[in-house]
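Heads up: the structure comes next, in structure tokens.
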Amino acid sequence: MFDLSLSLIEGNLFLKYNHHHCCLDYHRFTITMPNTEPEEATRENRESNDGSFECNICLDTAKDAVVSMCGHLFCWPCLYQWLETKPQRQVCPVCKALISRDKVTPIYGRGSSRRDPRDTLPPRPPGQRTEPEPHPSTSFPGFGFGDGGFHMSFGIGAFPFGYFSSTIFNFSDNRPAPSPSNPDYLEDALLSKMFFFVAMILLFYLLVA
Amino acid sequence: MSSTGENRSSNSTRDSKANISSSRLRKELMDLVMGRDKGISACPVDDTFFKWIATIDGPNDTVYENLKFKLSLKFTTQYPYVPPNIKFISPCYHPNIDSSGNICLDILKDKWTASYDVRSVLLSIQSLLGEPNLDDPLDPEAAANWKKSDFKKIMLMHHAKGEKKSTQ
Ligand SMILES: [Zn+2]
Ligand SMILES: [Zn+2]
């Protein structure tokens with residue numbers, strides 16, 4: 001069976017078509033949903049393009065960063081979880097050098113030293129001063145964005161045009177300037193491209209059926 | 001004994017773990033789509049991102065050249081702290097792959113670390129195809145046949161049998 005699916009991941013729309021359950025190809029479209037804050041979206045993109053400060057476990061910008069003796073960067077909660085998973089074989093996830101809780105160095109960027117969650121959930125490495133109460137209001141900025149992704153999938157026989165067009169194409173005209181790494185797709189081009197694919201697949205289906 | 005505080009913290013650990021798994025798998029998909037690695041592909045098959053289908057091209061200059069293999073990947077909320085469960089769907093006659101598609105590869109077991117991802121694992125499986133570990137075979141018969149000049153013929157015969165079985 002031919003089957004088409006769309007996934008929206010962090011503001012990027014993936015069109016994927018499967019043939020006999022084999023994934024053939026992806027097409028990526030950059031669209032902006034009306035409810036996303038433009039500044040946050042571009043900042044997120046810029047951050048994800050710069051791999052230097054990404055945690056080696058969650059692949060996100062390192063929060064409450066610690067660095068190992070071998071120089072690999074992690075979020076402390078991510079590394080703590082890894083050390084807990086393998087208490088008998090504590091190695092750096094990247095280079096497999098020996099690693100332990102007392103041998104990692106916390107990194108304090110400007111303005112971030114006020115809060116230290118290593119005090120709360122994972123016990124923090126020794127040798128640090130007593131911290132004030134953690135601020136519950138300080139959340140991780142720009143992190144919840146990835147959770148907004150959704151995925152829909154439909155067979156060609158029951159194509160919910162109404163739902164499709166009202167949900168996916170409900171972006172408004174006040175599109176923010178795209179980040180420099182993303183090609184500037186015009187909405188018209190996107191629409192026509194999308195329907196070209198859909199038409200192609202319908203055609204294919206008619207030929208096969 | 002266990003206080004309510006501990007209960008709350010273990011619940012929040014579980015929630016944050018599930019968040020890490022799915023947000024990491026989303027990032028990995030983005031990297032795979034952007035990277036366009038030759039010879040490997042992978043995509044989620046359900047909206048939870050915990051089930052993926054992948055394809056691996058047989059490496060050049062090996063008996064598996066020009067063959068394409070389909071694999072299934074299953075992740076849990078423990079990912080990336082524990083490895084995904086990876087199996088061959090397509091028949092693959094190989095010293096370290098059994099007839100059910102199970103793979104014997106150290107990085108999928110005790111050598112796993114949280115920094116491995118779908119991409120690195122698929123590339124490792126791809127190179128395992130050309131460089132089997134003959135000391136610890138999962139399919140002793142395939143291991144015994146590996147050095148034979150007609151291994152490719154034997155392998156293709158097995159695949160034809162396997163495909164017939166799976167279509168029945
Ligand atoms: Zn992390
Ligand atoms: Zn390291």
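Name every residue in region A:90-108 that is assigned to a loop (DSSP other than H, G, I, E, B) and within 14 Å of ligand 2 (Cβ to nearest atom), in order of residue number. Steps first, please.
Applying the first criterion (assigned to a loop (DSSP other than H, G, I, E, B)) to region A:90-108 yields A:90, A:92-97, A:99-100, A:104, A:107-108.
Scanning region A:90-108 gives A:90, A:92, A:93, A:94, A:95, A:96, A:97, A:99, A:100, A:104.
The set of residues from region A:51-80 being more than 9 Å from ligand 1 (Cβ to nearest atom) and assigned to a helix (DSSP H, G or I) comprises A:51, A:52, A:53, A:80.
To keep it simple, each residue is scored yes or no on (1) within 19 Å of residue B:20 (Cβ to Cβ); (2) away from chain A (no Cβ under 12 Å).
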residue: B:45; (1), (2): no, no
residue: B:56; (1), (2): no, yes
residue: B:68; (1), (2): no, no
residue: B:78; (1), (2): yes, no
residue: B:82; (1), (2): yes, no
residue: B:86; (1), (2): no, yes
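Applying the selection to region A:81-100, what residues are away from ligand 1 (no atom under 16 Å from the Cβ) and either touching a residue at least 24 places away in the same chain (Cβ under 8 Å) or small (Gly, Ala, Ser) (or both)? If the condition is that a residue be away from ligand 1 (no atom under 16 Å from the Cβ) and either touching a residue at least 24 places away in the same chain (Cβ under 8 Å) or small (Gly, Ala, Ser) (or both), then A:95, A:97, A:100 are the ones that fit. Residue B:134 satisfies every condition listed in (1) more than 14 Å from every other protein chain (Cβ to nearest Cβ); (2) over 22 Å from residue A:94 (Cα atoms); (3) of a type in the set (A, V, I, L, M, F, W, C); (4) buried (at least 21 other Cβ atoms within 10 Å of the Cβ) except (4).
Just so you know, all these numbers are worked out from the coordinates, no wet-lab data involved. No experiment lies behind these values; they were computed from the predicted model shown. Heads up, the Cβs are rebuilt from the backbone with ideal geometry, glycines too, and the neighbour counts pull from every protein chain shown.
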